[in-house]
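Derivation of every value follows stated rules applied to the coordinates shown; laboratory data play no part. The structure displayed is predicted, hence computed values, not measured ones. Ideal geometry is used to build each Cβ from the backbone, glycine not excepted, and the neighbour counts take in all protein chains shown.
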Amino acid sequence: MTKTEDTKVSVLVSLFNWIQKTKPPAKKRSKFRKFLDTYCDSTDYFSAVRLILPSLDRERGSYGLKEHVLATYLVDALGMSKDSQDAIRLKNWRKDGGANNAGNFPVVAAEVLQRRQGMISGGLTIKELNDLLDRLASSENSSNGYGFELLSLGKASVSQAEKISVLSTLIKKTNAQEMKWIIMIILKGADCYLKLGISEKSIFHEFHPDAEDLFNVTCDLKLVCEKLRDRSQRHKRQDIEIGKAVRPQLAMRVGDAHAAWKKLHGKEVVVECKFDGDRIQIHKNGAEVHYFSRFIQRKELTESIKCRNYLDHSEYGPAMSNIIVQNILVDRCILDGEMLVWDTSLNRFAEFGSNQEIDVAFDILYVRDTSIIHQSLKERHELLRKVVRPLEGRLEILLPNGGLNTHRTPGEPCWSLIAHNVDDVEKFFKETIENRDEGIVLKDLGSKWEPSDRSGKWLKLKPEYVRSSSDLDVLIIGGYYGSGRHGGEVAQFLVALAERPAPNAYPRRFISFCRVGTGLSDEELDTVVTKLKPYFSSLILSITSDIRTIRSEVFAAPYSLRFPRIERVRYDKPWHECLDVQSFVELVHSSNGT
Ligand code: ATP
């Protein structure tokens, strides 16, 4: 057993508590260093570091435990009755069950545990904790690997029982304070909890000056801990490699088109549609293909998801791997892009879970034996054009003058273009929003691709939706056919406000207010359209928008909304409960302070 493994979890927990309480960053860092020097073997930093940066640990699979499941399992592990006060507290951790700590599951759980566990630590070691966490993760893997448990009751309950048994062993060997931190480690995806007040960057830097760089191009914490044992020995900067996930280049958020344009002043800029799928890296190495994707949306972590759908022959056509092998015209290559779903009958992007996967490559990082991330985006675009032969509906490339755009018919909004001025950006943004896309990404065509960088080479612009305190319940009075991927069907609605009726009477006139298309899933949209047909009967929509209203010359109401979005369809509300113009104008004036 290594010295690290023999260290007590209580020592690690004191480190966490100390780092959390201490303000000066330098002190936080030196405490971390002292912990490594005192309690860890240089041959085994990993056993401890994986518990300090749990969201970057790829060696263990997912635990498949979110707060609400953990709550249920803890109730069982503690042998509590399901309707005891504490069990109810745990289940309602988000709201009043959590009382002052509402929303902070580990703290709520620790309060419940405190009454049962007491203060005495059971002496759990780092090795024991890692072994138990391995069991917790592998009981997840005994499900079918698709993230849900096998329907065969026996199998599902074995894995569930195993998890409960691991939790109860953990509870026996720890105190409530320790369990609080262990729960945070288990909820590793939710790093909102592990609030040590020290960034991952600082931890990496304190560990070794080259640690962050190496992690960025390998996404392999174990390798970083093993390779960089000696802080005084510098490691030659490593470039990206085929077969190793690289942390993606990221986009900085900007408020509006003007801010974006100002930020990229003087640069050659491409604006692209921000696709609403999952980031994917495709590594082709001869006949072998690896896919890496961020395993949960919105986490910067990359890890292999061993996309099973790609490996299998799906019912829609040849396996994606065959397509990659045949349509990437070089032997070795890394593509960066977005994985989406393509609706084969409607020829448009669709919701996940249906139809066939499509990869849209918007960048290329490696060709033959060379990393090309240091070349400009413009040069990389050229290589992307040369290296990938697109296959409609399966593998597409995103280029300002070609690729996906070549499938557009005149008049349809395009997916990417070179912007010459801010008006081009505004117009493109408006079109993508109207087309129910997520937003746009602006990229400096002269920039290189940098792992994990969010310094502003890429900017993202998404409409900001502010939920007004009172919902705007408006009446559908017309529909617009969509263009492009929503061609041939109603994709947007003309909605109206009522003229205020006499007391105790129904409104008699409605005046047009705005046009709204975003907010509903394709399926929800279909349901609304079917409900409205055949007579275009009335339905109320609750809509929201960014707070800015605009004075309207197009619609009959004096104001309209900027970037309106459908919150939900009020099937429960009768047409005559539609918001009236006067109330809306009062709302505008009160929110503008006039
Ligand atoms: P968000 O939650 O807004 O998607 P994020 O934090 O996941 O943001 P960002 O770096 O802010 O990631 O935004 C870039 C993400 O947008 C990429 O990871 C990718 O999945 C997605 N994306 C969609 N279309 C594009 C595109 N054309 N170029 C780059 N990224 C794109």
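Neighbours of residue 499 by Cβ distance under 13 Å: Lys/Arg scored +1, Asp/Glu scored -1, total +2.
For segment 325-332, the Karplus equation 6.51 cos²θ - 1.76 cosθ + 1.60, evaluated at θ = phi - 60°, returns couplings of 4, 7, 9, 9, 8, 10, 6, 10 Hz by residue, with Gly and Pro reported as x.
The Cβ shell under 9 Å around residue 72 holds other residues with a net charge of +1, Lys and Arg each +1, Asp and Glu each -1.
If the chain linking residue 235 and residue 480 were pulled fully straight, counting 0.36 nm for each residue of separation and taking away their Cα-Cα distance, it would gain 82.2 nm.
Here the Karplus curve 6.51 cos²θ - 1.76 cosθ + 1.60, taken at θ = phi - 60°, turns the phi angles of segment 438-450 into couplings of 7, x, 10, 10, 9, 10, 6, 5, x, 8, 8, 9, 10 Hz, with x standing for Gly and Pro.
Most tightly packed first, judged by the mean number of other beta-carbon atoms within 10 Å of their residues, the peptides 106-112, 53-59 read 106-112, 53-59. Taking amide hydrogens as placed 1.01 Å from N in the peptide plane, the amide H of residue 477 sits under 5 Å from those of 494, 495, 496, each at least 5 positions away in sequence or on another chain.
By definition, a body whose alpha carbon gyration tensor gives a ≥ b ≥ c is oblate when a/c is 1.5 or more and a/b is not larger than b/c, and segment 3-186 fits this oblate description.
List the equivalent ellipsoid semi-axes of segment 491-540 in whole Å, largest first, each obtained as the square root of 5λ for an eigenvalue λ of the Cα gyration tensor.
Square roots of five times the eigenvalues give 25, 13, 9 Å.
Amide H to amide H distances under 5 Å link residue 567 with 542, 543, 544, where only residues 5 or more positions off or on other chains count and H is placed in the peptide plane.
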